[in-house]
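A short write-up of the structure that comes next.
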Amino acid sequence: MNQIMTNKFLYIADPMCSWCYGFSLELQTFLADMPDAELDIVLGGLRAYNTQKMDADQRHMILSHWEKVQQVSGLPFDMTGLNKPNFIYDTEPACRAVVAAKMLTQDMPTKINFAVFQAIQHAFYAEGKDITQEAVLAEIAVEALNRFEQAEIFDYDSFLETLSSAECKDETRLHFQQIQQWGVRGFPVLLLVREDGLHMLSSGYAKAEVIARNFKEVLQGFS
């Protein structure tokens with residue numbers, strides 16, 4: 001069997017993790033030469049269920065991280081996105097939106113969920129949208145899903161129903177629990193899935209060429 005057909009990757013990340021935002025473009029570049037690769041996303045829950053309103057010190061700390069990611073990645077950032085009154089940096093809804101997409105696309109290529117993940121990231125970081133709101137997330141996700149399929153297959157009301165369901169909330173919580181069981185402390189993490197287990201390709205931000213080099217070294221170990 002052609003190796004390109006069997007490559008499966010596990011991406012551990014959170015849509016509201018700024019280094020994940022920077023890394024996703026590198027991951028997209030890495031995967032560009034593997035159109036049939038599978039990419040399963042496990043949602044990290046960086047600040048899941050946070051209930052504290054953002055204060056000036058938190059905003060300054062987060063923006064300093066954003067500035068570093070912008071310098072390294074060259075990606076666009078709307079630095080005013082955190083200025084919303086009473087903004088609560090809760091990453092659970094954004095993670096749950098990706099889980100909802102996964103639930104609705106089980107018979108589709110797994111990269112469709114990565115498209116949703118990236119769309120949510122772009123809306124937050126580049127456009128300053130409040131992706132802690134279910135209505136906003138549903139609009140972003142449905143647009144991304146339909147763009148990927150190049151057809152109006154998904155609709156806002158159905159996605160929002162799935163997003164707000166108890167089943168989706170429970171499934172999202174399982175993602176967070178899995179991360180804790182694995183002992184993952186930071187994001188992003190990219191793993192190659194093989195029959196003998198998981199192989200690290202990147203822990204933290206990395207350029208596409210570094211991911212590709214690590215991937216090649218892992219594969220050479222099986223040759």
Inter-part gap, Cα centre of the stretch 64-110 to Cα centre of the stretch 162-205, in whole angstrom, is 16 Å
Per-residue ellipticity at 222 nm attributable to helices in the chain (runs of n ≥ 4 DSSP H, -39500 (n - 2.57) apiece, nearest 500 deg cm²/dmol) works out to -16500 deg cm²/dmol
Return, ordered by residue number, the residues of the stretch 98-120 whose backbone nitrogen is under 17 Å from a label point located 7 Å along Cα→Cβ of ASP155. 104
By accessible area with a 1.4 Å probe, ligands and nucleic acids excluded, highest first: order of LEU191, LEU104: LEU104, LEU191
For the stretch 19-54 the chymotrypsin sites (Phe, Trp or Tyr not before Pro) that pass both the DSSP coil test and the at-most-12 other-Cβ-within-10 Å test are TYR49
Of the listed links LYS53/LYS102; LYS8/LYS129; LYS8/LYS207; LYS129/LYS216, those spanning more than 28 angstrom between alpha carbons are LYS53/LYS102; LYS8/LYS129; LYS129/LYS216
Which of rounded, prolate or oblate describes the stretch 49-117 when judged by the alpha-carbon gyration tensor and an a/c cut-off of 1.5? oblate
Enter the per residue convex hull volume of the stretch 174-223, computed from alpha-carbon coordinates, in Å³ rounded to the nearest integer. 79 Å³
Residue separation times 0.36 nm, minus the C-alpha to C-alpha distance between ALA56 and LYS216: what's the value? 53.1 nm
Among beta bridges that DSSP assigns inside the chain, antiparallel share in %, nearest 5: 65 percent
Given axes a ≥ b ≥ c from the Cα gyration tensor, I'd like to know whether the stretch 1-79 is rounded (a/c under 1.5), prolate (a/b larger than b/c) or oblate. oblate
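The values are calculated or read from the model by the stated rules, or taken from the named source; none is laboratory data. Keep in mind the model is a prediction, meaning the values are calculated, not measured. Here the Cβ is made from the backbone with ideal geometry for all residues, glycine too, and neighbour counts use every protein chain on show. Accessible surface is based on the protein model in full, side chains and every heavy atom, while ligands, DNA and RNA are left aside. Shrake-Rupley method; radii C 1.70, N 1.55, O 1.52, S 1.80 Å.
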